[in-house]
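Everything below concerns the one structure shown next.
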Amino acid sequence: MQNRMTPAHINAEETLNWFKAYWDGGSYPSPATGCGNCRQTTHASGVEACVCDASVVEEKVFSADPASVEDIVSSLSIGAINPAIADAGVYNTVAKTGFTVHFKGAGTYDAETIFELNHPYHGTNLFLKNVKSTVQLKGWTRPTQIFEAEDADAGVGTNVAPVYRSFENDTRTDYTGLGYYDFEGSYFAHLNFTVDAPSEQTVNLSFKYENSWGPTRQFTLSLNDNIVDGNMLLESTGHWDYWAATPSYTLTLQPGVNNIQIRDMSGEWSGPNFDHMIVEGLSTSVDANTYSFRNAPHFMALSQDYSSDGEGETNPRDAYYETDAVIDTYFQH
């Protein structure tokens with residue numbers, strides 16, 4: 001994960017985006033074969049599925065002039081902005097036979113080069129980026145586990161914070177399990193999670209939280225009484241229904257029971273809400289095979305619009321310019 005919070009609706013455990021994948025070689029992880037080192041799960045629709053780790057590899061396609069327009073169309077699938085909107089001098093435009101090349105900077109082919117052409121079959125004017133994007137799947141060395149905050153042991157600070165569950169409090173939505181843990185009304189309180197490990201294991205750990213009270217809150221994170229991060233900062237999420245994920249921490253669990261603690265160090269009466277803790281192993285191969293597919297939609301992860309003025313990115317205009325014009329190639333190419 002990145003070094004800052006991740007909005008929960010684009011986090012791996014929360015997203016419900018669907019698109020068709022064109023698998024290289026026609027093979028992919030499947031519940032029918034046990035999902036390998038991926039995690040087998042049942043979607044809310046009842047469909048069995050494999051949840052896998054993923055990475056995106058991008059590389060340039062053409063290093064010299066393409067042979068034809070057909071060669072470009074069959075090799076490229078990611079749209080680009082019209083170079084005309086860029087500042088003067090950003091692109092160096094060169095006309096070729098049947099198409100135009102917009103070089104960014106020097107006149108050499110790289111991943112930023114843009115091809116302009118009319119589609120040979122339906123005549124649509126296209127701008128295609130000279131890049132191939134491939135999604136490669138991985139598994140985990142340890143199955144992913146979710147530890148609900150409402151099931152953790154609440155540590156006494158100045159006083160104990162209340163634990164809200166779904167049948168007791170309906171002012172929050174989009175949490176997992178029966179509820180969440182609310183730090184409101186407690187000073188310097190903490191939560192203790194226990195994680196079992198059959199042997200020494202290195203894992204990645206993160207928390208889903210909501211901080212609508214405003215300023216960034218300081219917490220400490222410790223493993224077996226050893227401080228991992230004495231300055232774990234929880235940024236504001238802006239609204240009580242907007243959950244986020246903390247940065248990921250890499251920890252080494254010891255054989256047996258491990259105690260993971262988060263403690264509020266802000267000294268404030270009000271604090272964040274915690275939904276759950278996620279523990280997952282390090283990235284590894286799914287099985288003996290390699291699984292990948294063409295990343296045509298570029299994994300659009302749009303930020304929510306927090307208000308009617310369109311502050312977020314959930315509109316075609318912002319998505320167009322912030323994702324290399326993927327809307328254009330997705331619907332027209």
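The values are calculated or read from the model by the stated rules, or taken from the named source; none is laboratory data. All values reported here derive from a predicted model rather than from experimental measurement. Note that we place each Cβ from the backbone using ideal geometry, even for glycine, and neighbour counts take in every protein chain shown. All accessible areas refer to the heavy atoms of the entire protein, side chains included, with ligands and DNA or RNA removed. Shrake-Rupley method; radii C 1.70, N 1.55, O 1.52, S 1.80 Å.
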Go through the range 101-114 residue by residue and tally those that are out of contact with any Lys or Arg (no Cβ under 8 Å at 6 or more places or on another chain) and open to solvent by less than 30 Å² (accessible area, probe 1.4 Å).
3
Exactly one of these conditions fails for A44: (1) modelled with pLDDT of 85 or more; (2) over 30 Å from N130 (Cβ atoms); (3) among the hydrophobic types (A, V, I, L, M, F, W, C). Give me its number.
(1)
Just give me the residues in the range 203-261 being within 17 Å of the chain's Cα centre (by Cα) and among the aliphatic types (A, V, I, L, M), in sequence order.
L205, A244, A245
Flag if N125 is more than 30 Å from Q201 (Cα to Cα) and surrounded by 15 or more Cβ atoms within 10 Å (Cβ to Cβ)
no
Listed by first then second residue, the pairs whose first member lies in the range 253-267 and is more than 16 Å from A154 (Cα to Cα), whose partner is assigned to a strand (DSSP E or B) and basic (K, R), with beta carbons under 9 Å and at least 6 positions apart or on separate chains, are S266/R217
Look through V51, V61, V73, V94 and report the one residue that is modelled with pLDDT under 90 and not charged (D, E, K, R).
V51
Every residue in the range 61-85 that is touching a residue at least 60 places away in the same chain (Cβ under 8 Å), of a type in the set (G, A, S) and either open to solvent by 50 Å² or more (accessible area, probe 1.4 Å) or farther than 11 Å from N130 by Cβ (or both), please.
S77, G79
Please specify each residue of the range 142-154 satisfying the condition of being surrounded by 17 or more Cβ atoms within 10 Å (Cβ to Cβ) and assigned to a strand (DSSP E or B).
F147, E148, A154
